[in-house]
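Below is one structure; the comments refer to it alone.
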Amino acid sequence: MTLRSVHLRLLAAALAALAIAAGAAAPRAESTAEDRAAPQSGKRRAVRRVERVWPEPPAQGRVRFLTSLAPQTSVKRSFLRKVWRAVSGGGDAPVMTQPYGIAMGPLGRLYVADTAGHAVHVYDVREGGYSKINVEGESLIGVAALGGRLFVTDSVGGRVICLNSAGRRQWATGAEAGLQRPTGIVAADDRLHVVDTVGHRIVTLSPEGRVLGSFGSRGAEPGQFNYPTNIARDREGQLYVADSMNFRIQIFTPQGRYISSFGQLGDGSGDFNRPKGIAVDSDGHVYVVEGLQDVVQIFDREGRFLLSFAEPGHGDGELWLATGIAIVDDRIYVADSSNGRVQVFEYLKEER
């Protein structure tokens, strides 16, 4: 038997295995109430996907669910790669263990920090590709992109790590910068603002890791913090900080001067129990992930509650221990941590 014939036999066996596996694993479409009520005419009716919007009709929708991102659904594979996965059982499928921080970089690349997976997942939201950058860190929380580089906070390790475009470490800074427990991070024009949760302050770094300044101290007065966690920046450069154990959002100028705050402890609409990720849309609305209730709450610039969307669960538009959030071009990306995915929503601007 020639080597060519051996290869042909192996390929034929692999193709047969792939056909069997595809037939066995083909998902069965769930029937809707309309399908179940339809007469059995021998023709299969297409299952219509119910669009999820908030608020629900007949009110005008303001937020719409679009899709979910996970490595299994985003990675591109060749035909032979698919054949090999069918034969081998697909044991090397990438997973996103515990997504947290989210940031958009150049060329439509969405970066997601994986706290327990010790990696940054990269989704090409334009072309649909996926890749992963392994990071030597203990507990990755925040991620930011600036000047072709990535900046990741390692909370337990007490440091900020800089990676180049290829994912290689350029520098790391921690105790020498006075950082104790860095968590949230956001990029400005030429600097990085880092939340130091245990230090109860915001530390500003240059892209080379040099400390440029800081603001905040422990307390409950305006401009003080009690275990802050996450940070966002609007188009004007104002900073929004989730002051988690004061159960409020504080707003600062780009230089760190206090402007205003809103929020209180409670379980009603507009209240906070575990405020986590924070982001701002193109109209200046403030989005806050409520980690205990698994919803995202939306406020206007003055802190007035407008709307909440999502709910606890594992389906489309549902969250389980949600954490980070980012908004880019009115696409809303929410880290659905315990479901191991990023849920994508869309802000529906009001027609004018």
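The values are calculated or read from the model by the stated rules, or taken from the named source; none is laboratory data. Keep in mind that this is a model prediction, so the values were computed, not measured. We place every Cβ from the backbone using ideal geometry, glycine too, and count neighbours over all the protein chains shown. Note: areas computed on protein heavy atoms with side chains; ligands, DNA, RNA excluded. Shrake-Rupley method; radii C 1.70, N 1.55, O 1.52, S 1.80 Å.
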R0 of 25 Å, Cβ-Cβ distance Asp329-Glu51: FRET efficiency to nearest 0.05 = 0.80
inquiry  = Per-residue counts of other Cβ atoms within 10 Å, averaged by peptide: what ranking do you get for 119-128, 146-155, highest first?
reply    = 146-155, 119-128
task = Using a 1.4 angstrom probe on heavy atoms only, work out the carbon and sulfur share of the accessible area of region 146-300 in %.
result = 43
message = Report the Cα centroid-to-centroid distance between region 130-168 and region 313-345 in angstrom, as an integer.
response = 20
request  = Give me the accessible area per residue for region 297-352, probe 1.4 Å, as a whole number in Å².
outcome  = 46
message = Between Arg169 and Leu107, what is the label-point separation in nm under the 7 Å Cα-to-beta-carbon projection?
response = 2.5
inquiry  = Within 10 Å, Cβ to Cβ, of Glu138, how many net charges do the neighbouring residues add up to if Lys/Arg are +1 and Asp/Glu are -1?
reply    = -1
query = What is the calculated FRET efficiency for Ser338 to Ser260, with r their C-beta to C-beta distance and R₀ = 51 Å, to the nearest 0.05?
reply = 0.95
message = Given the options Ile298, Gln250, Phe272, identify the residue whose Cα lies farthest towards the positive end of the charge dipole of region 192-346 (+1 on Cβ of Lys, Arg; -1 on Cβ of Asp, Glu).
response = Gln250
inquiry  = Using a probe radius of 1.4 Å on heavy atoms only, what accessible surface per residue do you get for region 130-271? Whole Å² is fine.
reply    = 42
ask   = Once a ≥ b ≥ c are taken as the square roots of the eigenvalues of the Cα gyration tensor of region 243-352, is the result rounded (a/c under 1.5), prolate (a/b larger than b/c) or oblate (a/b not larger than b/c)?
value = oblate
request  = Order the following by accessible area, largest value first: His118, His193, His314. Probe radius 1.4 Å; ligands, DNA and RNA are ignored.
outcome  = His314, His118, His193
20 °C / 1.002 mPa s Stokes-Einstein diffusion coefficient of region 165-295, Kirkwood radius on C-alpha pairs, µm²/s = 142
note = Whole-Hz Karplus couplings 3J(HN,Hα) for region 189-206, θ = phi - 60° and coefficients 6.51, -1.76, 1.60, Gly and Pro as x, run 5, 9, 7, 10, 9, 10, 7, 9, 4, 6, x, 6, 7, 10, 10, 9, 10, 7
